Amino acid sequence: MNKTEFVKAYYPFAKQTQDKTGIHALVTLAQAAVESAWGKVAPGNMFFGVKDTDGINGNEQLLTTTEYSRSATAKFPRIISVKPVIKNGSKWFKYTIKDYFRKYNTPEECFTDHAQFFLKNKRYAKALAVKEDPYRFIDEIAKAGYATAPNYATLLKQIAKDLEKLI
């Protein structure tokens, strides 16, 4: 799937989410693009990398992923490897792990749940206060810890700018 096909297939769900919640469609679509490699990696219609914290109720899947931590002793369900790396001039630990992620029956169900994730988690209150500005929203979700990648906000904003040309 190329970028144009991705936008055609998934922008309607992002726009629907914006209409329901006010969270800018550009952010939702950019996150879906980043987290799913433009739709190439979305097992169980999981486009956003949202973890399933209990791993026991049947709506989860155990997947291999990469996480970054400043700790060499971080806890994950299954650790495959840990490697020290330098990111933005700071020492981090790159983990290859298996962790539980949510799964969905349809992409629409996933996009709706993604918005609810922000609305239900108090740590995203600052982001929700600027939800009409996609670039400020991106900065705030990154500050709140949406992803462990040290350059998440920069990457997401770059993808958002690319998407603006396609929407």
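A short reminder: the numbers here are calculations on the coordinates, not readings from a lab. Remember, it's a predicted structure, so these values are computed and weren't measured experimentally. Glycine also receives a Cβ, built like all others from the backbone with ideal geometry; neighbour counts cover every protein chain displayed.
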- Unique residue being surrounded by 14 or more Cβ atoms within 10 Å (Cβ to Cβ), within 18 Å of residue 10 (Cβ to Cβ) and touching a strand residue (DSSP E or B) at 6+ places or on another chain (Cβ under 6 Å) when the list is 94, 103: 103
- Query: In segment 71-111, what residues are in contact (Cβ under 8 Å) with a residue 24 or more places away in the chain, hydrophobic (A, V, I, L, M, F, W, C) and in a strand (DSSP E or B)?
  - Reply: 92, 93, 97, 101
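Return the only residue of 21, 28 being over 15 Å from the mean Cα position of the chain (by Cα), polar (S, T, N, Q) and surrounded by 17 or more Cβ atoms within 10 Å (Cβ to Cβ).
The conditions single out 21.
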- Note on the structure: Subset of segment 70-85, residues loosely packed, with under 10 Cβ neighbours inside 10 Å and closer than 17 Å to residue 147 by Cα, comes to 75
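Given the options 126, 131, name the one that is within 24 Å of residue 13 (Cβ to Cβ), out of contact with any strand residue (DSSP E or B) (no Cβ under 9 Å at 6 or more places or on another chain) and either assigned to a strand (DSSP E or B) or of a type in the set (Lys, Arg) (or both). Quick ask: steps written out before the conclusion?
Numbers: 126 fails: within 24 Å of residue 13 (Cβ to Cβ).
Just a single option satisfies the conditions, and that option is 131.
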